[in-house]
Structures are given as structure tokens and as C-alpha cells.
Amino acid sequence: MIIRILSEGQFDVPDSEVDKLNELDSALESAIDSGDDDAFRDALGQLLGRVRETGQPVALDALIPSNLVLPDPAATLAEVRDLLNDDGLIPG
Amino acid sequence: MSSTIMQRIALIFRSKANTALDAAEDPRETLDYSYVKQQEMLQKVRRGLADVATSRKRLELQMQQLEQASTKLEGQAQQALGAGREDLAREALTRRAGLEQQMSDLRAQHANLQAEEDKLTTASQRLQAKVEAFRTRKESIKATYTAAEAQNKINEAFSGISEEMGDVGMAIERAEDKTAQMQARAGAVDELIASGALNDPLSGGKDDITRELEQVSSGNEIEMELARMKGQLTGGSGAPAQIEGQSAQKEGQA
């Protein structure tokens, strides 16, 4: 599956990773719901780390839509909330 | 099962692309229109990159000016101590501590901007490669076009580039925000440099510590001059010669 990390690019990650990634994603979701900044940073870091570790960077000139998209490593909790609410963050 | 965060964000990007695709009557028009937008985005990311670089250079110049001012204050503190003016030395060192604080702020901002610049550089390279791939794909799709056959190819190419455009667009906006914040703070530092709290090397103006130190040393010279004159009046030859000797020695050192 193709996973994009915003501001970093796309990775081709083996489908076998999906359970582990979902697990890390739900930790991220609870951190966002509870508004816990430290837990958010930690969960986001782990999720992004796993994608970078297990994925291969996709060729720069590939034109493939991603199956999954992850926040920018530097994104704040508030920014990710806005992104999820589609708060006009994505231009165009 | 409810969607994960990563599915939800992907969906938001995809629905943006679909809305644009649905709006076009002839999908081939979408290709051309999108290509124009891509060119604009490339221009935008390059301008953004230039803005960040300009801000970074301004910051570097300010850091240099603060560094010079800090070195100067340290010298003044030593000079003031030598003249027995501990109060003045304390004032100079206090100001220097304030500058050190400013400089550590600027260093953090500098690292921040440098990171944005690096991100935009790779974003620009990525977009450039994808735009080029899109152009090739667009021409081949148009050449072999039959509506049903090409639709899928168009959708994929368009969604792929649209996602990249959204990503790069967000990166530019973030970089612009940071640059704007930085410029507001840089303005404050420029004011500090211009305010005379620091000596502006261009204006040739003197700060108050320098003026006081000059007064201290000209006060000493006046005392010495007075002593010499007094010596001449009393007709003694020992004392004035001694003072002149000291004065010559001082000039020799300087």
C-alpha cells in the first residue's frame, strides 16, 4: 500500500504492516481525542517511524494516489484536528 | 470498523481531487487545466523558498550584529573596571546578558527556518519531477483518447498530482506563516539595534556607555593637565616631567 507522510513524500509499505499501523493509529486517535500533547507527539512519532522503517520511498516521478495519508512530522495536535475537520487547510 | 486517522486524511485529499474531476465536462480539459495549476504551484513554491532564504539571511546578519555588540560590551566592561567604574561595568555586562538571550532566540528561529527551507527544497524537487511525469502522461492520454479507456488513467494521474499539490500547498503556507512571524520579530531586533542600546556601526553614533567611558578618560586627562600646570606654576621640575613621562608611555602603549 502507498502511504504519504505529508511534507515528506510517499512510501510503499507491505500490506502485512496494516495491523501494526492500525494499532499505532488508534493510539494517535486517542491522543487527539484527549488533547494530550505529549501522547500525541509520541504516537505520531511512532506511527511515522514505523512507516519510514518498513516502507520504501516511492520514485519522485510516480503519479500514484496514496491509500493512507499521515500528518506532517512537525504538525501540532491543533493542526491535525483542523486537517481532520477539513478546515480549509489543504489549498485548492 | 470506523476509519483510522490515516484513512480519514487520505479521504479528504481524494475528495478534493474528485470534486475537481467531476466539475469538468471533458476530462481532457482537466488535464490541461491541472497542468496550468501545477506550473503556478511550482512558481509559488520557488517564491516561497526564496522568501524563506531571504529571512534566513536577514537573521544571520542580525546574529552577526548582536555578536559584535556583545563583544563590544564585554570590552567596555573591562575598560570600565580598569577605570574603577564598577557600576558601568555591571551595566555593560547586564546588557550583554540581554543580548545573549536575544541571540539564543535567534539561533532557535534560524534552525526553524533552515528546516522549513530544507522541506520546501525537497517539496519543490518532488513536485518538479511529478509535474514533468504528468506532462508526459497527459500527452500520451490525449493521443490515445477514447472516453472510457482513458478515464481511469486520467483519474489516477490527476489524483496522484492533486495529492502532491495539496501537500506542497500546505508546506508553502506553513513556511509563509513562519516567515511572517519571523519578520515581525526581526523588526523588533532591528529596532533594538537602531535604538542606541546597541551601537549602530552605520550611523557612527555612540552609545551611552561609550560616552561615559570617554568622559571618564577625558576627566583623567583634565586632572593630569591640571597637575602639570600646577607643577609649572610652582616652578618645580620633577612632578611635570614625571607626568609627561607617564603620558608618553601611555601613547606608546596605544
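The table that follows gives values for the structure above.
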| read-out | value |
| --- | --- |
| Within the protein assembly as shown, helix-based [θ] at 222 nm, where runs of 4 or more DSSP H residues each add -39,500 (n - 2.57), nearest 500 | -27500 deg cm²/dmol |
| Within 10 Å of each Cβ in B:108-120, the average number of Cβ atoms from other chains | 1 |
| When each of A:K20/B:K16; A:K20/B:K153; B:K44/B:K138 is checked by Cα-Cα distance, pairs over 26 Å | A:K20/B:K16; A:K20/B:K153 |
| Principal axis box of segment B:8-104, alpha-carbon based, largest edge first, Å | 86, 28, 13 |
| Segment B:A97-B:K230, extension gain: residue separation times 0.36 nm, minus the distance between their alpha carbons | 43.4 nm |
| Shape call, chain B: gyration tensor on alpha carbons, a/c limit 1.5 | prolate |
| Charge sum, other residues only, whose C-beta stays under 9 Å from A:S7's C-beta, Lys/Arg counted +1 and Asp/Glu -1 | -1 |
| Estimated FRET transfer efficiency when R0 is 22 angstrom, pair B:A184-A:D38 (beta carbons, to 0.05) | 0.15 |
| Reachable lysines, given that their alpha-carbon falls under 22 Å from the alpha-carbon of B:K230 and they are not under 8 places away in the same chain | B:K250 |
| The protein assembly as shown - Debye-derived log10 I(q)/I(0), Cα point model, q = 0.07, 0.12, 0.14, 0.15 Å⁻¹ | -0.50, -0.93, -1.12, -1.20 |
| Eligible lysines near B:K72 by straight Cα distance, threshold 20 Å, same-chain separation 8 or greater | B:K206 |
| Shielding of B:134-140 by partner chains, average beta-carbon count, 10 Å | 1 |
| 15 Å Cα-Cα reach of B:K119 towards aspartates and glutamates, excluding residues that sit fewer than 8 places from it in its own chain | A:E8, A:D72, B:D51, B:E164, B:D167, B:E173, B:E176, B:D177 |
| DSSP-defined antiparallel bridges as percent of all bridges, the protein assembly as shown, nearest 5 | 65 percent |
| Charge tally in the Cβ shell below 10 Å around B:R85, where Lys, Arg are +1 and Asp, Glu are -1, B:R85 excluded | -3 |
| Whole-Å semi-axes of the ellipsoid equivalent to segment A:22-92 (Cα gyration tensor, √5λ, descending) | 22, 17, 10 |
| Where only C-alpha atoms are counted, convex hull volume of segment B:99-173 per residue in Å³ | 66 Å³ |
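Rule-based calculations on the coordinates, nothing more; no lab input. In this text, all values refer to a predicted model and were calculated from it rather than measured experimentally. All Cβ positions, glycine included, derive from the backbone under ideal geometry; neighbour counts span all protein chains shown.
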